[in-house]
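Taking it in order: structure first as structure tokens, then the write-up.
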Amino acid sequence: MFFNRKKRHTIPGLNTTSTADISFMLLIFFLVTTSMDSEKGLGRQLPPLDPDKQEQLQDIDKNKVITLHLMANSQLTLDDKPAAINPTLRKELRHFIIEKGKGHVIELQVDRDASYDSYFHLQNQIIRAYKEVRDAASQKKYGTTFLQLTEDQRDAILKFYPQRIQEATL
């Protein structure tokens, strides 16, 4: 008598030896081809903390202060008048810096809910205004741009047109 033997079929296994190699190669490929832009941000360097130096409060003439207020809805006011973040603002800031000299202060009030993009563009306009003022002064005094001056010449221009920005978060 023949017994019905069931034949056991073995399922062939998957060859996974190269899977790790392929995934590693894909990882390397994506790391190499992906760009990681880190160019956004503000190029500022804070002065080092000096525990011996005490900050002294100074009385500032209100006529030498210009107030920029960036609200939560990214609207800007310049001395309580509506303004836009554009080259016209830079022109007004440049005129203010030249007119008031080294005693000027740009007061920047920023609402906590204001967009970073608006804040970034506002900072760019302020920094460009300073750059244009310093370039014009160095052209007038030394006949070259600010970046091409010697260190002593730069210090003389920086003393005459210091960057005086007071920031407050509301």
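Which pairs do you get when a residue that is under 20 Å from LYS81 (Cα atoms), found in the range 97-121, comes within reach of a residue that is open to solvent by less than 20 Å² (accessible area, probe 1.4 Å) and part of a loop (DSSP other than H, G, I, E, B), reach meaning Cβ atoms under 6 angstrom, with the pair 6+ apart or on two chains?
Taking only residues 6 or more apart or on different chains, the pairs are ILE97/HIS104.
Residue by residue through the range 65-81, note down the ones that are acidic (Asp, Glu) and surrounded by 13 or more Cβ atoms within 10 Å (Cβ to Cβ). Walk me through it before giving the result.
Residues of the range 65-81 acidic (Asp, Glu): 79-80.
Selection gives ASP79 alone.
Output the number of residues of the range 106-158 satisfying the condition of being farther than 23 Å from LEU68 by Cβ and among the hydrophobic types (A, V, I, L, M, F, W, C). Spell out how you get there, then give the answer.
At the first step, the residues of the range 106-158 found to be farther than 23 Å from LEU68 by Cβ are 138-157.
Adding the requirement that they be among the hydrophobic types (A, V, I, L, M, F, W, C) leaves 146-147, 149, 156-157.
Count: 5.
Any residue at all in the range 112-129 that is farther than 24 Å from THR169 by Cα and hydroxyl-bearing (Ser, Thr, Tyr)?
Just the residues of the range 112-129 that are farther than 24 Å from THR169 by Cα, to begin with: none.
Within the range 112-129, not a single residue is farther than 24 Å from THR169 by Cα and hydroxyl-bearing (Ser, Thr, Tyr).
Conditions first: (1) part of a loop (DSSP other than H, G, I, E, B); (2) open to solvent by less than 100 Å² (accessible area, probe 1.4 Å); (3) at pLDDT 70 or above; (4) not β-branched (Val, Ile, Thr). MET36 passes all but one, so which condition is the exception?
(2)
With (1) surrounded by 10 or more Cβ atoms within 10 Å (Cβ to Cβ); (2) at pLDDT below 70 as the list, and ARG94 as the residue in question, which single condition is left unmet?
(2)
Is there a residue being under 16 Å from the mean Cα position of the chain (by Cα), open to solvent by 60 Å² or more (accessible area, probe 1.4 Å) and touching a residue at least 12 places away in the same chain (Cβ under 8 Å) anywhere in the range 131-151? Even if it seems obvious, please write down each step before you answer.
The first filter runs over the range 131-151 and keeps only residues under 16 Å from the mean Cα position of the chain (by Cα), leaving 131.
Going one step further and asking which of them are open to solvent by 60 Å² or more (accessible area, probe 1.4 Å), we end up with 131.
Remaining after also requiring touching a residue at least 12 places away in the same chain (Cβ under 8 Å): 131.
The answer is yes; a qualifying residue exists.
Can you tell me which residue among ILE11, ILE22 is among the β-branched types (Val, Ile, Thr), out of contact with any strand residue (DSSP E or B) (no Cβ under 8 Å at 6 or more places or on another chain), part of a helix (DSSP H, G or I) and at pLDDT 65 or above?
Values: ILE11 fails: part of a helix (DSSP H, G or I).
The match here is ILE22.
Scan the range 103-130 residue by residue and report those that are in contact with a Lys or Arg (Cβ under 7 Å, 6 or more places away or on another chain) and either at positive phi or surrounded by fewer than 19 Cβ atoms within 10 Å (Cβ to Cβ) (or both). It would help to see each step written out before you state the result.
Going residue by residue through the range 103-130, those that are in contact with a Lys or Arg (Cβ under 7 Å, 6 or more places away or on another chain) are 103-106, 125, 128-129.
GLY103, VAL105, ARG128 - these are the residues of the range 103-130 that are in contact with a Lys or Arg (Cβ under 7 Å, 6 or more places away or on another chain) and either at positive phi or surrounded by fewer than 19 Cβ atoms within 10 Å (Cβ to Cβ) (or both).
The values are calculated or read from the model by the stated rules, or taken from the named source; none is laboratory data. Bear in mind that the values here come from a model prediction, so they are computed numbers and not experimental data. Here the Cβ is made from the backbone with ideal geometry for all residues, glycine too, and neighbour counts use every protein chain on show. Quick note on the areas: whole protein, heavy atoms, side chains included, nothing else; ligands and nucleic acids left out. Shrake-Rupley method; radii C 1.70, N 1.55, O 1.52, S 1.80 Å.
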